[in-house]
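Heads up: the structure comes next, in structure tokens.
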Amino acid sequence: MTTNYSEYEFRTQPWFDQDNFDGFNFAIPMKTMVIHCFDPRAAEIPQAIAAHFPDEVYPGENVLDEAGNRIGHTRTLFAVSNAGGRAFSALQSVATMEYLFHVQNVIVVHHSFCGATGFRPEQLLEHFHHHHHADLAPLIEQGSQAILNFEDSVKHDVALLRNSPAVPKNVKLYGFFYEMNSGTLTEIVRDIPV
Ligand SMILES: [Zn+2]
């Protein structure tokens, strides 16, 4: 038996109107995105942010229908993790979350003893030149590679979000430093549209 899995798509569901879509917020009250590093030692960053902003729900729980299908969730804060917790790598997610959920807040968090503080940006490019005969320069924004200074990297990423067409102008932006040994979260920058 073969299937193209189309029965698992929203667009084939009789109740779903793709051309008059106005968000999935009725199912999941997502309003905030947290961008953080995928370092397992910093995995509790979303919980730390939810504790800092008391109206956020994380991790939350599934909402089930009578048949046990997962039709929603109580979480308000979605996390995207990547190398260093960089905004550049998260732009596609921000744009998608705007379309699906009308995202209201985007929060960048960089953390202590991040691997991205262990090299200079040109070292990564040189590694790919020498070992893989590849030029990554056109692929990755240079300021989004290494972390040379946490204040600069957090401010860089909030500015990158603010200047990106993928981030609606009404979205509130925050940048934090997370000291993973003490669990301390420090706000470095905020950009709240007036
Ligand atoms: Zn890291």
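The values are calculated or read from the model by the stated rules, or taken from the named source; none is laboratory data. Given the structure is predicted, the values throughout are model-derived calculations rather than measurements. For neighbour counting, all protein chains shown are included, and Cβ atoms are generated from backbone atoms with ideal geometry for every residue, glycine included. We work out accessible area using only protein heavy atoms, side chains counted, and drop any ligands, DNA or RNA first. Shrake-Rupley method; radii C 1.70, N 1.55, O 1.52, S 1.80 Å.
Overview of values
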read-out: Test: residue in the range 66-83 that is in a helix (DSSP H, G or I), open to solvent by less than 30 Å² (accessible area, probe 1.4 Å), within 16 Å of the ligand (Cβ to nearest atom) and not basic (Lys, Arg); value: no
read-out: Single residue of the range 100-123 satisfying the filter (open to solvent by 30 Å² or more (accessible area, probe 1.4 Å), in a helix (DSSP H, G or I) and under 28 Å from residue 191 (Cβ atoms)) that is farthest from the ligand (Cβ to nearest atom); value: 100
read-out: Tally, over the range 25-49, of residues that are more than 16 Å from the ligand (Cβ to nearest atom), open to solvent by less than 30 Å² (accessible area, probe 1.4 Å) and more than 14 Å from the chain's Cα centre (by Cα); value: 1
read-out: Residue in the range 4-23 that is open to solvent by 100 Å² or more (accessible area, probe 1.4 Å) and in contact with a strand residue (DSSP E or B) (Cβ under 8 Å, 6 or more places away or on another chain) present; value: no
read-out: Selected residue (criterion: nearest to the chain's Cα centre (by Cα)) from residues of the range 84-99 that are of a type outside the set (Gly, Ala, Ser) and open to solvent by less than 10 Å² (accessible area, probe 1.4 Å); value: 94
read-out: Tally, over the range 157-185, of residues that are open to solvent by 20 Å² or more (accessible area, probe 1.4 Å) and either within 26 Å of residue 142 (Cβ to Cβ) or not in a strand (DSSP E or B) (or both); value: 15
